[in-house]
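What follows is one structure encoded as structure tokens, with my remarks underneath.
The values are calculated or read from the model by the stated rules, or taken from the named source; none is laboratory data. These numbers were taken from a predicted model, which means no experiment stands behind them. FYI the Cβ positions are ideal-geometry reconstructions off the backbone, even for glycines, and counts take in every protein chain you see.
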Amino acid sequence: MEIKAVKFRKDGFYTQPFVMGGEDAPGTYDQNIRYRGSLQNYLIDTGDEVILVDTGLPAGTPEEVPDEKSFGFTGKDICSYMDAFRALGYKPEQVTKILLTHKHSDHSGEIRSFPNAKIYVNADEIAAEELQGVENIVPVHFTDGAYHNFPESQKIADGIYLIKAKGHTNGNSIIIVELDGLFYMLHGDITYVDEALYENKLSVVYDDRDAARETLDRVREFVRENPTVYCGTHTPQGYENLEAKRVMDLEHPVPTELADVDFSAQKATGKFVCSICGYVYDPAEHDGVAFEDLPEDWQCPRCRQGKERFNQA
């Protein structure tokens, strides 16, 4: 069995208030501290099956144009998700299963591009807008009992488990792969950067804060008790950990490398992109109403985040 990263955006960033401010007072953290960001999902080749963990942004999603006030930036395109997938040497029809960590379109954007895949998703998530009209969805009810300290799990294949991990969204899940004595934790947005795992901090993005706290506590307990390679979606630390087979040690964090950000020479199109779920606000599709003219209490129609979570595109 082999796990590979599907890399499709690089050179992004997430600010300290964004990645650590979920339970603390505004102003606790420094907006000018920007951790490295990227976008990648994961592929598991069992030898008999090709299994995807999430499927990237939809083709054609515009790059964001961040500024000094941006909370986060998903990064610059390396290529499309599908091009990154094919670059690993696979064809879409080879994929047999897709394990969805959660509904947001930077995780579910290309689920329709794999004609032979069954899409496994927490049953609590299947009413999401992003999943409507999708065939071959398998609602997961987590009927296989506890997995280590996680109360609810579903065995997907030998050594591959889908774990219920509510919080970031109400149907959020984690995938754990047992391989060569290590536990590879492939997750969506339990944390956006590894520093938040070390510091035991929630991001500002969650559907249920209490559930997100419980999930993070369980993740940290699991990491303490099991040799875990922690593979996130929004930071290059995710694929760096994977490629180095780096076991997380909460008492000895890997030194932080901050993002090198250049805000100059960027051109905007008038569109705005939600840095949380990838929703694109295009004035042309809203009677020409500019994003700046939307009410201050306007929220993303998908993930219900405020205007401050959007970047120009």
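Overview of results
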{"item": "Contacts under 8 angstrom Cβ, first residue in region 141-164 being outside the structural domain of LEU52 (by TED's automatic domain parsing), partner loosely packed, with under 14 Cβ neighbours inside 10 Å, 6 or more apart", "result": "none"}
{"item": "Hits in region 202-221 - residues which are surrounded by fewer than 21 Cβ atoms within 10 Å (Cβ to Cβ) and in a helix (DSSP H, G or I)", "result": "ARG209, ASP210, ALA211, ARG213, GLU214, ASP217, ARG218, ARG220, GLU221"}
{"item": "Hits in region 231-247 (condition: crowded, with 23+ Cβ neighbours inside 10 Å and in contact with a Leu (Cβ under 8 Å, 6 or more places away or on another chain))", "result": "CYS231, THR233, HIS234"}
{"item": "So VAL254, is it of a type outside the set (Gly, Ala, Ser), more than 23 Å from LYS4 (Cβ to Cβ) and assigned to a loop (DSSP other than H, G, I, E, B)", "result": "no"}
{"item": "Which listed residue is surrounded by fewer than 16 Cβ atoms within 10 Å (Cβ to Cβ), in a helix (DSSP H, G or I) and either under 18 Å from the mean Cα position of the chain (by Cα) or at negative phi (or both), from ASP67, ASP48, ASP83", "result": "ASP83"}
{"item": "Residue that is more than 22 Å from VAL261 (Cα to Cα), not in a strand (DSSP E or B) and not aliphatic (A, V, I, L, M), where the choices are PRO58, PRO62", "result": "PRO58"}
{"item": "Hey, LYS245 in contact with a strand residue (DSSP E or B) (Cβ under 9 Å, 6 or more places away or on another chain), under 18 Å from LYS69 (Cα atoms), among the basic types (Lys, Arg) and modelled with pLDDT of 90 or more or not", "result": "no"}
{"item": "Of the criteria (1) in contact with a Phe, Trp or Tyr (Cβ under 9 Å, 6 or more places away or on another chain); (2) among the small types (Gly, Ala, Ser); (3) closer than 25 Å to GLU214 by Cα; (4) at pLDDT 95 or above, which one SER105 fails", "result": "(4)"}
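Quick grid of which residues meet (1) β-branched (Val, Ile, Thr); (2) within 25 Å of LYS103 (Cα to Cα); (3) without any contact (Cβ under 8 Å) to a residue 24 or more places away in the chain:
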| residue | (1), (2), (3) |
| --- | --- |
| GLU214 | no, yes, no |
| VAL229 | yes, yes, no |
| THR235 | yes, yes, no |
| VAL247 | yes, no, no |
| HIS252 | no, no, yes |
